[in-house]
Amino acid sequence: MKKRIFNIHMLLFIFVFLFCLIGFVLRPDYHSIHLSERLLSPCLKHPFGTDYLGRDLLSRVCLGGLLSFLISSVSVLFSLFIGFVFSFFASIKGGVIDRFLVAIIDVFQSFPGMLLAIVFAAFFKGGIGGVLLALIVSNWVGFARLSRGLIISKLNEDYFVYSIACGESVFKAVLKHIVPNIKKPLGIQIVLSFAGAIVTEASLSFLGIGIKPPLPSWGNIIADGKDFILVAPYISVIPGLFLMVSVLCVKNFLKID
Amino acid sequence: MFEYFLKRVLNSIPTVLAVVIVVFSLIHIAPGDPVDILVGENATPVVKKQIEREYGLDKPIHVQAFLFFKNLIVNGGGESIYFKKPCFKVVFSRFKNTFKLAMFSFVIAVFFSFVFAFILLWRKGGVFYRMIVFLSTIGMSLPSFWLGILLILFFSVKLKLLPVSGTEGFRHIILPSLTLAIPMGCYLLHIIRGEIESQMSKRFVLSLRTRGIKESLIFFRHVLKNSLVPVIMVLALQLGFLLTGAIITETIFSFNGIGLLLVTAINVRDYSLVQSLAIFIAVIYIYSNILGDVLIAVIDRRVSFEKKDI
């Protein structure tokens, strides 16, 4: 029972990802404008319909998904790296450096994550780089705080003290003995931040400070569709459905319920 | 108790200062000339000179930081270029609406999550139970901007019951507050259910039962009180969610609060207003968290009033 739920979410997410990948490979034309085919409802030629410029929504949704997954995963990797390196030095050196890190974590946690992302994206004028930066700025704190706590809790363990006593360098000892022990909680944090990053990216693009048109993103497709909600509700509904399903699946990757 | 509260407030002062510094440094980290960021590239040299003097942009950085502080306190965050008024004046005039919206959705979310939690407890294990749990899992992952559009589609377009946008009356507040309340309520339901169920399986419940105490008494007097602590903790944290969720929700419904103000400020490139808003929201977030902690300490005597390590 436990294993099955785990697999379903994983499989569904892989399905969404493959759908986006194959969809985009088969229909790479996301930006050519056909004004004669504006706001078409889903039909055989355009399975997801067309938007207000006659662009094919299927390929836009697919590319949007790919971009979203790409940006989210890159941002999570960077945040993990920054947070881990930061907390690594802080917890090993201790003293002033550690207190400095705690203070920084405190400050960054006093902003609601989304606000931080929005403000950074706004000041850096959006675009893929801006979104990446905003996501990293709002995500790295979680990693820093978690890995600092975990590393510190393991520093007094016998195996670590022993390996230091045997003459191993602290750096190596942490990588070899502590990292394998804290993989699991870090993994959970990675998955949760990935889900959060997908939503944040879509929100930023929805507000117009994320991925810039003509590049599609689920967020900016939904925002475009908002103006045509009376005549073409499917424009916003379809990417939203994709967004919801992927977030739901990612969130439940590790959940055993 | 009061000492604890005072200590927390005093401890928060350096954090608030640091928040201001982070926001202050934004215009310097961001690409482009700070003057251009503040007034736009097309402003006349006279305006540029004035801004440069006002913010001390030609002076060393610590003087600028000091001027930024002074500006914040004395001049109400400097003049908003778009509204031609001090930033904080604009923020305060809009905050009333956001506060109303946040409270409204807060009440809806808390009320319904408790009601559903009780129903779930009562009907444990059935089809109904599973359905509610499943739906609440979905509800938690609903992105708010999409949920808002679905609500508009259903209530405004299909049923023609509620207005799509605006701020004026009671009818305008229903859809935005539902948009905020549904994901939050689902999350709360999740927490409350887990908390109550874990408390119900504790030893003291068994011992009370063996003493023949009525089930309802056990529930309301003992279990509910114990499970309230994490719930309040989550509630205090959710206030931050409400404030940031309001940014997107207000944009969808053109609801005239600070969220819409932030988006407007970003779109018209009124960056001093963006900075003031960021500080304002962060400060509210910090103090609502402190309030939550104090509330927990009042309810749960087990929480020590000592300062906790992070």
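The values are calculated or read from the model by the stated rules, or taken from the named source; none is laboratory data. Bear in mind that the values here come from a model prediction, so they are computed numbers and not experimental data. Ideal geometry is used to build each Cβ from the backbone, glycine not excepted, and the neighbour counts take in all protein chains shown. Heads up: the accessible areas ignore ligands, DNA and RNA and are worked out on the full protein's heavy atoms, side chains in. Shrake-Rupley method; radii C 1.70, N 1.55, O 1.52, S 1.80 Å.
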Quiz prompt | Distance between modelled label sites at residue B:84 and residue B:128, nm, 7 Å Cα→Cβ extension | solution = 6.1
Quiz item: Once both axes come from the Cα atoms, what is the angle between helix A:183-207 and the longest principal axis of chain A, in degrees from 0 to 90, rounded to 10?
Solution: 40
Quiz prompt | Selected from B:138, A:200, A:242, residue furthest toward positive end of dipole (the protein assembly as shown; charges at beta carbon) | solution = B:138
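Which whole number gives the average, over all residues in B:215-225, of C-beta atoms from other chains lying within 10 Å of the residue C-beta? Let's see the in-between values first.
Values: counts 0, 0, 0, 0, 0, 0, 0, 0, 0, 0, 0.
Across B:215-225, the average partner-chain Cβ count within 10 Å equals 0.
Using just the helices of chain B, give the 222 nm mean residue ellipticity in deg cm²/dmol: DSSP H runs with n ≥ 4 each add -39,500 (n - 2.57), and the total is spread over all residues, rounded to 500. List each step's numbers first, then the result.
Numbers: 12 runs with 225 residues, N = 310.
Calculated at 222 nm, the ellipticity per residue is -24500 deg cm²/dmol.
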Quiz item: Under the definition of Cα pairs under 8 Å and six or more residues apart, what whole-number percent is the relative contact order of the range B:87-299?
Solution: 29
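Express in nm, to one decimal, how much length is gained between residue B:290 and residue B:160 on full extension, taking 0.36 nm for each residue of separation and deducting their alpha carbon distance.
Working: separation 130, 0.36 × 130 = 46.80 nm, distance 4.23 nm.
Taking 0.36 nm per residue and subtracting the Cα distance, the gain is 42.6 nm.
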Self-check item: C-alpha long axis of helix B:45-55 to longest principal axis of chain B, angle in °
Solution: 50
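Let's test the formula: R0 of 35 Å, r as the Cβ-Cβ distance of residue A:81 and residue B:2. What FRET efficiency results, to the nearest 0.05? Before the final figure, lay out the partial values.
Values: r = 44 Å, r/R0 = 1.26.
The computed FRET efficiency comes out at 0.20.
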Self-check item: Listing of the range A:97-136 residues, each with accessible area lower by at least 40 Å² in the full protein assembly than in the chain alone (probe 1.4 Å)
Solution: A:107, A:110, A:111, A:112, A:115, A:118, A:119, A:120, A:122, A:123, A:124, A:125
Practice problem: Round to the nearest 0.05 the FRET efficiency obtained for residue A:33 and residue A:165 when R0 = 51 Å and r is the Cβ-Cβ distance. | Solution: 0.15
Quiz item: Counting only protein heavy atoms and rolling a 1.4 Å probe, how much accessible area do B and A lose on contact, total for both sides, in Å² to 100?
Solution: 3900
Practice problem: Kindly tabulate the residues in the range B:232-252 with an accessible-area decrease of at least 10 Å² between the chain alone and the assembly of all protein chains, using a probe of 1.4 Å. | Solution: B:244, B:247, B:248, B:251, B:252
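Within the range B:132-230, which trypsin sites (Lys or Arg not before Pro) sit in a loop by DSSP and count at most 13 neighbouring Cβ atoms inside 10 Å?
Values: sites: B:158, B:160, B:171, B:193, B:202, B:203, B:209, B:211, B:214, B:221, B:225; in loops: B:160, B:202, B:211, B:214.
For trypsin sites (Lys or Arg not before Pro) across the range B:132-230 that sit outside H, G, I, E and B with at most 13 neighbouring Cβ atoms in 10 Å, the list reads B:160, B:202, B:211, B:214.
Ignore the peptide's own chain and count Cβ atoms of other chains within 10 Å of each Cβ in B:144-154; give me the average, rounded. Could you put the intermediate results ahead of the total?
Numbers: counts 3, 14, 12, 2, 3, 10, 5, 0, 5, 5, 0.
Whole-number average of other-chain Cβ neighbours for B:144-154 is 5.
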Quiz item: So how do B:188, B:178 rank on accessible area, 1.4 Å probe, biggest first, that is with the largest at the start?
Solution: B:178, B:188
Practice problem: Arrange the peptides B:99-106, A:211-218, B:4-11 so that the one whose residues have, on average, the most other Cβ atoms within 10 Å appears first. | Solution: A:211-218, B:99-106, B:4-11
Quiz item: Given the protein chains as shown and a 1.4 Å probe, how many square angstrom of residue B:213 are accessible, to the nearest 10?
Solution: 50
Self-check item: Accessible carbon and sulfur surface of the protein assembly as shown relative to its total accessible area, %, 1.4 Å
Solution: 69
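Show me the GluC sites (Glu not before Pro) within the range B:10-95 that DSSP assigns to loop and that have at most 15 other Cβ atoms within 10 Å of their Cβ. Don't skip to the end; give the middle numbers.
Numbers: sites: B:41, B:52, B:54, B:79; in loops: B:41.
Here the sparse-neighbourhood loop sites are B:41.
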Practice problem: Send over a whole-number figure in Å² for the accessible area per residue of the protein assembly as shown, probe 1.4 Å. | Solution: 48
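Could you calculate the FRET efficiency of residue A:89 with residue B:69 from 1/(1 + (r/R0)^6), where r is the beta carbon distance between them and R0 is 22 Å, rounded to 0.05? Walk me through the numbers before you get to the answer.
Working: r = 31 Å, r/R0 = 1.41.
Rounded to the nearest 0.05, the efficiency is 0.10.
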